[in-house]
Every structure is written in structure tokens, then in C-alpha cells.
Amino acid sequence: MATLYQRLRTKKETTKSNEGLNKPVIEDANRDLKNKIQQRLINEMDTKLFLKSNILTKAEKKKIKDKIEELLRDEDGISPLERERITEDLYAEIIGFGPIQRLLDDPDISEIMINSTDQVYVESKGKLRLTEIRFRDAEEIYHLIEKIVAPLGRRIDESCPMVDARLPDGSRVNVIIPPLAIKGPCITIRKFSKTPLQIDDIINLGTLTDDMARFIEACVKSRLNIIVSGGTGSGKTTTLNILSSFIPHDERIITIEDAAELQLMQDHVVSLETRPANIEGKGEITIRQLVKNSLRMRPDRIVIGEVRGGEALDMLQAMNTGHDGCLTTAHANNPRDLLSRLETMVMMAGMDLPIRAIRQQIASAIDIIIHQSRLRDGSRKITHITEVQGMEGDVIVLQDIFRFYQQGSAFGGKIKGEFRSTGIRPLCYEHIKRSGIELPIDLFMG
């Protein structure tokens, strides 16, 4: 059965081939009625409304919903409850993102994973669960994909079967389709809160303590260079956003990301985003190119969403040439592992540098590593706040300032543990003090 989106495209004499899709079609008892209402909407309303559904005003959205309700009142044999459900389904299909719209609206859901037509998982409060959401067929998933990527000018097809994108609310989207995705198109959506979390929110969630929060706030305000490390889904971007909130409002901030996610509240923010290659394989703009360009933009702060390649060298050089107070994230299993990954990323820049020279660059550029983990019970903890203290021989010296010590599991699998300072005053304490920020010395005394 053709969707509204397909009928509009047919009206414009465009077609789309989906040969080889052999997933079973999931029956919808009200599909014929929905198709009938969709056709009447096309005939009786301005089709331009549907083609710009991602940027409709509230009044335009209400107009469409009212029209759906009006058309359904003309249909006999439908209970009020069923009429309400069909209205919501049609509205989500036209204005929102179809079957997953209610998952996007649920504030408790942090991630949505569409593996196939009949397998949609979500992460809620750190735990994965299978939902009852079903797509009729792979065509409906392709419809959803195009609705996501088309407004951004991105493309996805057999020649370019992967794409990173974002939703209007800033949520991050990754899409991969056949032939790379064997079971059919696959979508992963990382949601972000409409209201960005603040430091008090993650303190209340048990991610860190008041003392740790005071220390990292002082580190940001005194312009130390900080990397947030951790695994996938550990909350690095959320923590980076919170760190960014401590930057004074009178500073010029340049943010650099693959897909714009950061939600900075300051006024003077310039957001840069990478661009994929076009259909001829030209025009790609990488993180590395944007980092180099940002240095010519008179930044007070550079905030990089994530370093994962040769841009690490340019970032380290910027940190070592007067661009202090930089913030970024990187994937790593622990603070020591982060240093090894940074070495590897610098080598990816294609510069034939000796390993000692790379380590000296890292040791002089990075001041603080904040390592975050998602634990077995789904909770997220800042498990290490670690200072980079320089070099001893060929080894970079690290010193933990705060740690999370896990003590086992309580009833129901909840992780037991406590945050403690290691009792060592960081070397950066004097720098923080010279910046006019007072921290009590007993903050570090355990």
C-alpha cells in the first residue's frame, strides 16, 4: 500500500525502486481507511504542507490534525477510541516520524534502534527492551529515512549506504541500508533532552559528587584543556555539554562536530559541521579541515564533539600554541587507554613523528581527563577525574584526583560503590588559584 509520501512523489512524477525487499508485510486492519483519508487529504489540502512537514508552524499542524478528525467523522462504524488512535497514527505519519513518533516524545527513552520491520528496541533508564512497534514493510522504513535525511541535504543509496544525520530536536541519527545491512534498513537514534541537563541534574542522578563538580567547573573556568573519555553510550556528549556551560558568556566559542548535537547556552557560539562527499565523491569537509579553519576564526574556546582521527594532531597543536581551554571527547576504556588512542590518532595524520615527540605533545597539551562509564545496571558514572602531570622518561604521568570505587551489587543488580578523592592535591591547583578561583584544599583530602 502506498503511503501519503509516496502518493505526493507520484504526483510529482517521481519513482523509487525497492526491489529485493522480501521482509513480510505486517498487516494493519485500518490500512485501507488510512489510505482513503490520506488520499482525501491530498485532494482537499495544499500538498506543500505535507512536503515541508518538518518545518510546519503550530497553526499549520493543527490545521492538518483538525482536517484528519473532520474526515474521520464522515466514516461510519468507528468507535471514538479507534477514531482517536487512527487520528494519532495518521498525524504521526504525516507530521512526525510515523510509528516511532511516540518513542521520540517519551522523555524516558534515550535511544531508539530499528533493526528490521518487526524489531524496534529502545534504551530506557540504561536498559534495553524490545517494543511492540512494527513497520508494515521495509518501504515504510525507507520513507522514514528519507524524511530524516532529505531536509539536511544528505543522501543515502546503494552507492552511499551509510549516513549520519540529526532530527529537528538535535537527536543524532545513524542510518545504514542494504547491501551493508543484510536484514534491511537499520536506524539508530540517540535522543537528546529538549532541556539540556545541568550539573545539578547529573549530581542528582549519581553521576558524580558535589566536590567533583566544583573541581571540574574550576578546571573549565581556569581554561584547562579537558578530554572526556568513555565507551559508546556512556554519556560523553552530555558531560561535554555540561562542561561547556561553565564557559563564561563573554568568550567566543567555536564548536566542531560531525552532526551538530551540542546545545550551548552562550550567545557567542559559532557551530561548524562536517559535510560528506557529493555523488561524484567531491566536496567532503572533515573535522580536521574545520579544526584548522577554526584557528583563523579568533576563538577563545574550541569545543570538538569527538576526535577520532588525524584531527587529534591539529587539536594538540592548537592546545600547545595558546588556544587553551579546549574541550573534546574520545572513545577509550580508561584514562591510560585514552593516551594510547591519542597516539594512534596522531599517527593517522600522516606525519612521521617519533613516539616520544607525540607523547610530549600530549603531555603538554592535555591537563585533565574525565572518564565516564555506563555500568552493568545502566547507570552512568564519572569513574575517573585524572590529571596529566607531564613526562617521566618516555612515559606520560597520570594521577587520579577522584575515583569511583565499585563495591559490588545490591538487590536487583544495582551497582554499589562510592566516589572518593585520592587524597592528592593536583598540580593544577595553583593554576586554578592564580585564575582567581578559590577551591578549599580539603576538597582533595578524601
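Quick check: with the 1.4 Å probe, what order do Ile203, Ile432 take by accessible area, largest first?
Ile203, Ile432
Counting only heavy atoms of the protein chains, get the accessible area per residue of segment 208-253 (1.4 Å probe) and round it to a whole Å² value.
Accessible area per residue, segment 208-253: 28 Å².
With no solvent and one point per C-alpha, what does the Debye sum give as log10 I(q)/I(0) for the chain at q = 0.09, 0.10, 0.11 Å⁻¹?
-0.69, -0.82, -0.95
For segment 248-372, what are the per-bin percents of Cα-Cα distances with bins 5 Å wide, up to the bin holding the maximum?
2, 10, 20, 22, 21, 14, 7, 3, 0
Report, to the nearest 10°, how far helix 138-149 tilts away from the longest principal axis of the Cα atoms in the chain, using its own Cα long axis and a range of 0 to 90°.
Compared with the principal axis, the helix lies near 50 degrees.
If you fit an axis through the alpha-carbon atoms of helix 335-347 and take the longest principal axis of the Cα set of the chain, what angle between them do you get, 0 to 90°, nearest 10?
Approximately 80 degrees, to the nearest ten.
If ligands, DNA and RNA are left out, what is the accessible area of Arg301 with a 1.4 Å probe, given in Å² to the nearest 10?
Rounded to the nearest 10, the figure is 0 Å².
Rounded to the nearest 5, what is the percent of antiparallel bridges among the DSSP beta bridges in the chain?
Taking every DSSP beta bridge with both residues in the chain, the antiparallel ones total about 70 percent.
Past 26 Å, Cα to Cα: identify those pairs from Lys34/Lys63; Lys61/Lys236; Lys36/Lys147; Lys58/Lys194; Lys221/Lys292; Lys62/Lys127, in the order given.
From Lys34/Lys63; Lys61/Lys236; Lys36/Lys147; Lys58/Lys194; Lys221/Lys292; Lys62/Lys127, over 26 Å: Lys61/Lys236; Lys62/Lys127.
Less than 14 Å apart at the alpha-carbon level, and either on another chain or at least 8 residues along: which aspartates and glutamates does that give for Lys191?
Of all the aspartates and glutamates, those that pass the test against Lys191 - Cα under 14 Å, at least 8 places apart if same chain - are Asp105, Asp106, Asp108, Glu111, Glu123, Asp164, Asp169, Glu261.
Given a 1.4 angstrom probe, I'd like the percentage of the accessible area of the chain that is carbon and sulfur, rounded to a whole number.
49 percent
Could you calculate the contour length gain from Leu180 to Arg434, that is, 0.36 nm times the residue separation minus the distance between their Cα atoms, to one decimal place in nm?
Stretched out fully, the Leu180 to Arg434 stretch lengthens by 86.0 nm.
Please give the helix 355-365 orientation as an angle from the longest Cα principal axis of the chain, in degrees from 0 to 90, rounded to the nearest 10.
Helix 355-365 and the main axis of the chain meet at about 90 degrees.
Report Arg336's accessible area, 1.4 Å probe, all protein chains in place, as a number in Å² to the nearest 10.
110 Å²
The values are calculated or read from the model by the stated rules, or taken from the named source; none is laboratory data. Everything numeric here is computed off the predicted structure, so don't read it as measured data. Calculation scope for accessible area: heavy atoms of the full protein, side chains included, ligands and nucleic acids excluded. Shrake-Rupley method; radii C 1.70, N 1.55, O 1.52, S 1.80 Å.
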